[in-house]
Amino acid sequence: MSRIIVLGGFARSLVLFRAPMLRAMVEAGHEVIAAAPPEDDQVPVAMKELGVRWYPIEFERNRVQPVRDLFFVRRIRGMLRELNPDRLLCYTIKPNIYGGWAARAEGVPSAAMVTGLGTVFMNPGLRRRVAGLMLRQSCRHHDRIFFQNDEDRDDLLDEGVVEDRSKIVMTAGSGVDLELFPERTLPDRPVFLMLARLLVAKGVREYLAAARILKAACPEAVVRLAGMEDPGSGGVPIAEIHAAVRQGDIEYLGHLSDVQDALAECSVFTLPSWHEGTPRSVLEAMATGRPIITTDARGCRETVEPGENGLLVPVRSPEALAGAMLELARDPKLRSRMGARSREIAETRFDADQVSRVILDALAL
């Protein structure tokens, strides 16, 4: 039996994205400790139900602040000395960087999960170069580096951030719990749904613009948006969402703690994101048997076989997005066929149990 710390940047993601992996570790007989900022009172409860120990650790995940971040490294080192784990497994950018630094200093084996490169790596400039240098130092210590799509892997290899190709392990995203998201009957009417944080890079503005175009051509279509407002610099102001509601373009469902009903009531899932690792929201929609419209972008294109389980559209093109939405709005038989294929792909390629097995085998757990 090993003692494993799983360190993430967002507490709720331990429940939303990591629960199958944590459960698999516990079932394999390991002692598992989950660490993240204490932002959600429900997370410790959920961890206890999984048989996982909760360890809150403070840090700001959204900003690079050199002085405060050094305190974060110190806190991770203190956690490692206190808990004496056999392995540290990190995910999201700050834990991947600073977790590697701390693990090296304390002599603890570590691994990193790259679940998407994020804005800092998608835009050229000084911040990208600095972040790359910082991550390179961590990757020299991490003995396994998990990627969810080929482009993220190739970028970090080409830039020398990952220097040892033998450390790389590919996974089918984070997978999806097929029992938690069973196949559901499609509604007869065309109901489109987007689930995402209200970020510009998620394609929220393109979705709003496409909704207006679609409603003009197909008034019976229903276009729904659900997601949490993000107050950061990349957020779409909530006033823009409310304006689209007043114009009759969309229905805004707010932030949903449980997405099951929203998925059951939609007939097409849409995510016009600019880039992803592998979007979990799309995998959940596929598991429930929904056709997918998403972008021909890294991470997103991995979820769609064009013409089979959905349609791919160019990034930042409301017109193309509206055209794809209109095509599916007018063809219920096509929606049904594509939805059935989505479930098949979820079962064969994105089963969370299979993804967890790949991770545990790579870590020799």
Filter the range 308-343 for residues that are surrounded by 15 or more Cβ atoms within 10 Å (Cβ to Cβ), assigned to a helix (DSSP H, G or I) and touching a residue at least 60 places away in the same chain (Cβ under 8 Å) and give the result. 318, 321, 322, 325, 326, 328, 329, 332, 335, 336, 339, 343
Return yes when residue 171 is farther than 30 Å from residue 236 by Cα, crowded, with 17+ Cβ neighbours inside 10 Å and either touching a residue at least 40 places away in the same chain (Cβ under 8 Å) or of a type in the set (S, T, N, Q) (or both) and no when it is not. yes
Residues (crowded, with 16+ Cβ neighbours inside 10 Å and part of a loop (DSSP other than H, G, I, E, B)) located in the range 27-39: 30, 37
Screening 212, 184 for residues that are assigned by TED's automatic domain parsing to the domain that holds residue 340 and either hydroxyl-bearing (Ser, Thr, Tyr) or at negative phi (or both) leaves only 212
What do you reckon, is residue 97 of a type outside the set (Ser, Thr, Tyr), without any contact (Cβ under 8 Å) to a residue 60 or more places away in the chain and under 17 Å from residue 146 (Cα atoms)? yes
Which numbered condition trips up residue 277, out of (1) assigned to a helix (DSSP H, G or I); (2) modelled with pLDDT under 95? (1)
For the range 60-80, enumerate the residues that are modelled with pLDDT under 85 and either assigned to a loop (DSSP other than H, G, I, E, B) or touching a helix residue (DSSP H, G or I) at 6+ places or on another chain (Cβ under 8 Å) (or both). 60, 61, 62, 63, 64, 65, 69
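So, in the range 344-364, exactly how many residues are outside any helix (DSSP H, G or I), closer than 24 Å to residue 86 by Cβ and in contact (Cβ under 8 Å) with a residue 60 or more places away in the chain?
1
Could we say that residue 232 is touching a residue at least 12 places away in the same chain (Cβ under 8 Å), in a loop (DSSP other than H, G, I, E, B) and under 24 Å from residue 288 (Cβ atoms) here?
Considered against the rule, which asks whether it is touching a residue at least 12 places away in the same chain (Cβ under 8 Å), in a loop (DSSP other than H, G, I, E, B) and under 24 Å from residue 288 (Cβ atoms), residue 232 comes out as no.
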Checked against (1) over 25 Å from residue 348 (Cβ atoms); (2) crowded, with 22+ Cβ neighbours inside 10 Å; (3) of a type outside the set (Asp, Glu); (4) not assigned by TED's automatic domain parsing to the domain that holds residue 117, residue 195 satisfies every condition except (1)
Applying the selection to the range 280-299, what residues are outside any loop (DSSP other than H, G, I, E, B), closer than 25 Å to residue 19 by Cα and not aliphatic (A, V, I, L, M)? 280, 281, 284
Pick from 268, 245, 223: which is β-branched (Val, Ile, Thr) and surrounded by fewer than 19 Cβ atoms within 10 Å (Cβ to Cβ)? 245
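The values are calculated or read from the model by the stated rules, or taken from the named source; none is laboratory data. Please read all numbers here as calculations on a predicted model, not as lab measurements. Backbone-built Cβ (ideal geometry, glycine too); neighbour counts: all protein chains shown.
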